[in-house]
Amino acid sequence: MLIDRFDRRINYLRISLTDRCNLRCIYCMPPEGERKLRHKDILRYEELLRIARIAI
C-alpha cells in the first residue's frame, strides 16, 4: 500500500492523457487558440504503459 507524506493511503491511480481541454469554450480559450504540440512532445503508448506499470 502506498502512503503519502500526510499518512493517507493511496489506492488508485489516475493518468491524464492530456492536460488540454478540447471543448474550445469562448470564455476560456485564448483568441489565438492553443499551440499545437509536436509529435515528439507527446508520450507514446509504450511510455504511458511503462509509467502505469511502474506505479502499480
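Using a basic spin-label model with each label point 7 Å from the Cα along Cα→Cβ, how many nm lie between Arg5 and Ile54?
The answer from the label model is 1.9 nm.
Go through Pro31, Ile3, Tyr45 and say which Cα lies farthest out towards the positive end of the charge dipole of the chain; charges sit on Cβ, +1 for Lys and Arg, -1 for Asp and Glu.
In the chain, that residue is Tyr45.
Go through [x] 27, 26, 13; [y] 31, 29, 15; [z] 45, 28, 16 and flag the label whose value is the computed Cα extents along the principal axes in Å for this structure.
So the calculated entry is the one marked [z].
Return the sequence-ordered ³J(HN,Hα) values of the stretch 3-20 in whole Hz as given by the Karplus equation 6.51 cos²θ - 1.76 cosθ + 1.60 applied to θ = phi - 60°, using x for Gly and Pro.
Once rounded to whole Hz, the list reads 10, 7, 6, 9, 6, 9, 7, 9, 10, 8, 9, 10, 10, 8, 6, 8, 9, 9.
Tell me, what ³J(HN,Hα) does each residue in the stretch 23-35 have, in order and in whole Hz, if you take phi through Karplus 6.51 cos²θ - 1.76 cosθ + 1.60 with θ = phi - 60° and put x for Gly and Pro?
7, 6, 5, 5, 7, 10, 8, x, x, 7, x, 9, 5
Order the peptides 5-16, 44-55 from the highest to the lowest mean number of other Cβ atoms within 10 Å of their residues. Display every interim value, and only then the final one.
Details: 5-16: 7.2, 44-55: 10.2.
The densest-packed peptide leads the list: 44-55, 5-16.
If R0 is 30 Å, what FRET efficiency do you get for Leu43 and Leu23 from their C-beta distance, rounded to 0.05? All intermediate terms of the calculation are to be shown ahead of the outcome.
Working: r = 22 Å, r/R0 = 0.74.
Efficiency, rounded to the nearest 0.05: 0.85.
About the Cα centre, and with charges only on the beta carbon of Lys, Arg (+1) and Asp, Glu (-1), how big is the dipole of the chain? Nearest 20 debye, please. Working shown, then result.
Details: 13 positive and 8 negative charges, 25 e Å.
For this selection, approximately 120 debye.
If one takes the longest principal axis of the Cα atoms in the chain, at what angle in degrees, from 0 to 90 and to the nearest 10, does the Cα axis of helix 45-55 lie?
Result, in degrees: 30.
No lab work stands behind these numbers, since they all come straight from the coordinates. Everything numeric in this text was worked out from a predicted model, so none of it was measured. In this analysis, Cβ positions are derived from the backbone assuming ideal geometry, glycine residues included, and neighbour counts consider all displayed protein chains.
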